[in-house]
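The values are calculated or read from the model by the stated rules, or taken from the named source; none is laboratory data. Source: prediction; values computed, not measured. Ideal geometry is used to build each Cβ from the backbone, glycine not excepted, and the neighbour counts take in all protein chains shown. Surface areas here come from the heavy atoms of the whole protein model, side chains and all, with no ligands, DNA or RNA. Shrake-Rupley method; radii C 1.70, N 1.55, O 1.52, S 1.80 Å.
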Amino acid sequence: MATSCLLVVGAMVGVPATAGAAAVAHRGPPAGARPLDLGPVGLTETRVTTTVTRGVTLTKITRGIDDPALMWTLEVLIGPAPGSPDPDAPPTVLSTATGANAAADRLRSKGFAPRVESVQQPRAVDVPKGTLGFRVRVGRWPTKADVDRAQAALLAAGERANSVFTGWDGDRSARGPWHVNVVTIDPKAFRGRLGATFGPDLLNRETTSALSGAAGASVGINAGFFVLDPASGAPGDPAGVGVYNGRLISEPIAGRPALVLHDDASHTAVQRLSWKGTAHMGGRSVSLDGVDRVPGLIRNCGGDASDIPTSKPLHDITCTDPDEVVELTTAFGARTPSGPGREVVLGRDHRVSALRDNRGVTLTPGEESLQATGERVRELDGIRLGDRIGVSAGLRDSSDHLVRTSAADTIVNGGPQLMRNGLEEITQARDGFVHPGDPSFGYGFVVKRNPRTLAGVDQQGRTVLVTVDGRSVSDLGLSIPETADVARSLGLVDAINLDGGGSTAMAVDGALITHPSDPTGERPVGDAIVVTPGR
């Protein structure tokens, strides 16, 4: 990494200059910058900026201090334990006032001293501010060891609870600390390539640092949401739109925002996309339900009217549809999904090279296939070897205009939207982050602090990539409203939340610089945004 300068802003701290790097220290933000709108006004904020490669800078921001008012507590599980294997799945901890008080009475009868606390839903553009639900907590302890001992006593009494740090609550009075990594790419000076990679295939996951290293990238950050549970599809498959080197290999969640990138880092945008895919055979056409995914499983929903339970986006839910036609390519993996149905294999010349009355084949380079399930199997009747079938798939923007892509273009999924046209605009409900009848989801994903990854574009047209560590006492993380506040503070005019939690990661020159929140370390992800240097 070529380091050209080192900049410290905020309260002065002792930072040694690296060899060959000029060090400049300032009290307060640089000209034109503003402190992060995070925590109380007046917190200490330190910034260190280095040049990664031509046109690309990395700014490390440390804001706030260890807050002695923050404690450990036990948060009682009111409902059934979550059945998802996703370590980021929010536990069921919110209830009505009646349900929470009943749980508190039960705990008191066992000798504990619970407290019932209301949880507020922050205002979004499509969700009113108000009471989200009620949580039940027990005790306050200064250390994790103390709360874990108390948790064992609660478990011995037949109760279930999680150890939580109150700094993760999203309360704006918390004083930190926060660690924010900001990569800024100036298209006027940048001479490398901006894009994304999913590795050798969609079917397998790799860590952000591994994807970044394999791409020879100067910078890599985790990108979109992806399938984690095999019961929800193919692990590693994007749970939303995926365009890599101009090629659509994962269809969008209808109307949900996506991050659009160009290889020269110009014209970065947040767009809402839909799509249409069609297979043309003889004198008829067959509509497609998806691209490079397991038929019948639509992670994060947002498919069509035949999907159950909804055709609208619904985050972390897998919708189902027994009757689908899906296009598969070699990008999916070594073998297409297996199961009942029908599969038509197409060669490089788009002519039918094989017909199967069940699904699951190995595709050779240049081949693709169409898989049909349920009632839609009959739509592939009458096809013969040698028939020519043309497959087309196109993206459309929110005005229903065709979105043309080339090898220079990358699109990754995300949500919710954070900023639009210079204003905070959190589209929590529209993008599927409200679960009807399940307030615990909004509490865990939106209200509480978590590690976050976000991206967007500032008024100067620069692409900005951001990670924020979380889920530790030394890294509080951000709520979704705080994520939008950070985006605004950094001058972004359009911004989107990307996958976060245990997925949040940033690598510089292949080395991880963030602190993974998963106990096992850096999480393998579906894809990563990568910045490769010019040659």
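Just one residue in the set Gly224, Gly176 is open to solvent by less than 30 Å² (accessible area, probe 1.4 Å), part of a loop (DSSP other than H, G, I, E, B) and under 19 Å from Asp518 (Cβ atoms); that residue is Gly224.
Residue by residue, here is whether (1) crowded, with 19+ Cβ neighbours inside 10 Å; (2) within 25 Å of the chain's Cα centre (by Cα); (3) touching a residue at least 40 places away in the same chain (Cβ under 8 Å) holds:
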| site | (1), (2), (3) |
| --- | --- |
| Asp126 | no, yes, yes |
| Arg140 | no, no, yes |
| Lys144 | no, no, yes |
| Glu159 | yes, no, yes |
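Cβ separations smaller than 9 Å between residues 6+ apart or across chains give the following pairs from region 442-465 residues that are part of a strand (DSSP E or B) to residues that are of a type in the set (Lys, Arg): Asn450/Arg471. Scanning region 331-367 for residues that are surrounded by 18 or more Cβ atoms within 10 Å (Cβ to Cβ) and either in contact (Cβ under 8 Å) with a residue 60 or more places away in the chain or among the polar types (S, T, N, Q) (or both) yields a count of 6. Residues that are in a strand (DSSP E or B), of a type outside the set (Gly, Ala, Ser), touching a Leu at 6+ places or on another chain (Cβ under 9 Å) and open to solvent by 70 Å² or more (accessible area, probe 1.4 Å) do not occur anywhere in region 368-380.
Scanning region 324-337 turns up no residue that is small (Gly, Ala, Ser) and over 16 Å from Asp292 (Cα atoms). Against the list (1) within 22 Å of the chain's Cα centre (by Cα); (2) closer than 26 Å to Gly199 by Cβ, the condition Thr310 fails is (2). Here Arg27 passes the criteria (1) surrounded by fewer than 19 Cβ atoms within 10 Å (Cβ to Cβ); (2) at pLDDT 95 or above except the one numbered (2). Ile298 meets the conditions (1) in a loop (DSSP other than H, G, I, E, B); (2) open to solvent by less than 20 Å² (accessible area, probe 1.4 Å) in every case but one. The failed one is (1). Checked against (1) hydroxyl-bearing (Ser, Thr, Tyr); (2) in contact with a helix residue (DSSP H, G or I) (Cβ under 7 Å, 6 or more places away or on another chain); (3) open to solvent by less than 10 Å² (accessible area, probe 1.4 Å), Ser517 meets all criteria but (3).
Among the numbered conditions (1) polar (S, T, N, Q); (2) within 30 Å of Gly158 (Cα to Cα); (3) at pLDDT below 85, the only one that Thr92 does not meet is (3). Scanning region 253-295 for residues that are hydrophobic (A, V, I, L, M, F, W, C), in a strand (DSSP E or B) and either modelled with pLDDT under 95 or open to solvent by less than 20 Å² (accessible area, probe 1.4 Å) (or both) gives Ala258, Leu259, Val260, Leu261, Ala279, Met281, Val286, Val291.
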